[in-house]
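Notes follow the structure.
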Amino acid sequence: MENNGKIERRDLGKTGLKLSSVGFGASPLGNVFGPISDDQAIATVSQAFNSGINFFDTSPYYGATLSETMLGKCLKALGVPRDQYIVATKCGRYNEGFDFSAERVTKSIDESLERLQLDYVDILQCHDIEFGSLDQIVNETIPALQRIKESGKTRFIGITGLPLDIYTYVLDRVPPGTIDVILSYCHFCINDSTLEDLLPYLKSKGVGVINASPLSMGLHTENGPPEWHPASDEIKAACRAAAEYCKQNGKSVSKLALQYSLSNKELSTVLVGMNSVKQVEENVAAALELEATGLDEATLSKVADILKPVKNQTWPSGIQ
C-alpha cells in the first residue's frame with residue numbers, strides 16, 4: 001500500500017486492469033435516491049477520482065439512462081486522460097424491461113457510449129441475467145458481446161445478477177476466457193458471505209470479481225433499507241438489531257459492513273453507490289482506516305452473533 005492517502009489498487013482477474021478497492025457506484029447519479037444537481041455530481045466524481053477511486057460503474061437502467069449521461073458529464077469535467085479511469089456499463093436491462101437479444105445489446109453499447117461521451121468502455125456487462133433465458137445469454141447475448149469486444153467498443157465483458165448459480169451455469173457453458181468478469185451483489189456482506197464459497201471456482205475460470213452493495217441495499221445502515229427491499233421481515237429485523245447495537249456502542253454499522261467487504265482481497269473492488277462529497281470522504285476514510293488498523297473484530301463478532309439466525313439467507317430474484 002502506497003502511503004499517499006489514496007486507496008489501494010487490486011488486479012481484476014486476468015484483464016490487466018487495476019481497480020481501486022472502493023469502486024464508484026453511479027446509480028445515485030441517476031436520481032434514484034433523490035435529486036442530485038450537475039454541480040453536486042461533478043464535485044462527487046472529482047472527489048472520488050482525486051482520492052484514488054478509478055473505477056466507475058453505471059447502467060442504462062439506472063435512472064432511465066440519466067446515470068450514464070451524468071457520469072459522462074462528470075468524467076468529461078475531470079479533464080484527465082481516458083486511461084486514468086475505468087468505466088463499466090451494462091446492457092440487457094432497461095427502464096422499459098429486459099431485452100438480451102443480440103440486436104438490442106449491439107445497439108445498446110452505441111447508445112451508452114454516446115451518453116457517456118466515450119469511444120469505448122472498459123467493461124460491458126450483461127445486466128441481471130436471471131431475468132432472461134440463461135440459454136439465450138450463453139448462445140446469443142455473450143457471442144454478441146464478444147463481437148462488440150472485437151470491435152473495440154468494450155475491452156472486456158461480464159455478467160451480473162443476484163443468484164450465485166447463474167454464474168456456474170453460464171461459465172460452464174462458454175469457452176474458457178470468454179467471460180472476463182462477474183459482478184455479484186449482496187453476497188459478500190456481514191449477513192451473507194456465500195460469494196466466498198464461489199471464489200475458488202471463479203478463480204479457476206480466470207474471472208475477475210466485482211462485489212457490489214456491501215451494505216446489502218441499505219440493510220446495514222442506521223436508517224434501514226428502503227420500503228421496496230426484498231429481504232424477509234426476519235432478515236430486516238436482525239439487521240436492524242445489528243445496526244442498533246453498533247449505534248449504542250458508538251460504532252457505524254455501515255463502516256463495519258464496508259470494511260468487512262473490503263477485507264477480502266480476492267474481491268477486486270467493492271462497489272458503493274455515492275452521491276455526495278461527504279459519502280466519498282467517508283468511504284475512502286473507511287478504506288484507509290482498514291489498511292492502517294485492520295477490522296474491528298470485537299464489534300464484528302458481536303454483530304455476527306446478532307445476525308446468526310439469518311446468516312446467508314437471501315431472497316428470490318429472476319424467473320428461473
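Where a number appears in this text, it was derived from the coordinates with a stated rule and is not lab data. Model, not experiment: these values are computed from the prediction. Glycine gets a Cβ as well: all are built from the backbone with ideal geometry, and neighbour counts include every protein chain shown.
Loop-located GluC sites (Glu not before Pro) in region 237-320 (DSSP state other than H, G, I, E, B) with a sparse environment of at most 15 neighbouring Cβ atoms within 10 Å: Glu266. Each of the peptides 226-232, 154-160, 44-50 was scored by the mean count of other Cβ atoms within 10 Å over its residues; in descending order, highest first, they stand as 154-160, 44-50, 226-232. Amide H contacts of Phe55 (H built 1.01 Å from N, in plane; Pro and chain starts excluded): Ser20, Phe24, Ile86 sit under 5 Å, all sequence-distant by 5 or more or on other chains. Proximity of backbone amide H atoms, modeled 1.01 Å from N, is registered between Gly208 and Gly13, Lys14, Val181, Ile182 at under 5 Å, excluding neighbours fewer than 5 places apart on the same chain. Under 5 Å from the amide H of Ser193 lie the amide H atoms of Asn312, each residue being 5 or more positions distant or on a separate chain, with H modelled from the backbone and absent for Pro and chain starts.
For the chain, modelled as a GNM whose springs connect Cα atoms under 10 angstrom apart, the maximal fluctuation among Ala298, Ala43, Ala238 occurs at Ala298. Dividing the convex hull volume of the alpha carbon atoms of region 168-320 by its residue count gives 133 Å³ per residue.
Using only the Cα atoms of region 227-270, build the gyration tensor, take square roots of its eigenvalues as a ≥ b ≥ c, and label the shape rounded, prolate or oblate: rounded if a/c is under 1.5, else prolate if a/b is larger than b/c, else oblate. In terms of gyration-tensor shape, oblate. Each of Val277, Val87, Val284 was scored by other Cβ atoms within 10 Å of its Cβ. Listed from fewest to most, they are Val277, Val284, Val87.
Here the translational diffusion coefficient of region 68-166 follows from Stokes-Einstein with Rh set to the Kirkwood radius across Cα pairs; for 37 °C and 0.692 mPa s it amounts to 237 µm²/s. Checking every one of the GluC sites (Glu not before Pro) in region 1-84 against DSSP loop status and a limit of 13 other Cβ atoms within 10 Å picks out Glu2. For region 72-183, what proportion of DSSP beta bridges, expressed in % and rounded to the nearest 5, is antiparallel? Of the beta bridges lying entirely in region 72-183, close to 15 percent run antiparallel.
Is region 1-105 rounded, prolate or oblate when judged by the Cα gyration tensor, a ≥ b ≥ c being the square roots of its eigenvalues, rounded requiring a/c under 1.5 and prolate requiring a/b larger than b/c? Oblate is the answer for region 1-105, as a/c is 1.5 or above yet b/c matches or exceeds a/b. A crude spin-label estimate for the pair Lys18 and Arg104, with each label 7 Å from Cα along the Cβ direction, gives 3.9 nm. In a simple Cβ point-charge model (Lys, Arg +1; Asp, Glu -1; nothing else charged), region 9-310 has a dipole of about 560 debye relative to its Cα centre. Read through the labelled values [x] 54, 43, 36; [y] 70, 43, 36; [z] 60, 50, 33 and report the label of the one computed as Cα extents along the principal axes in Å from the structure. Identified label for the calculated read-out: [x]. Counting only DSSP beta bridges with both residues in region 9-310, the antiparallel share comes to about 15 percent.
Packing around the peptides 11-18, 57-64, 247-254, taken as the average count of other Cβ atoms within 10 Å per residue, puts them in this order, highest first: 57-64, 11-18, 247-254.
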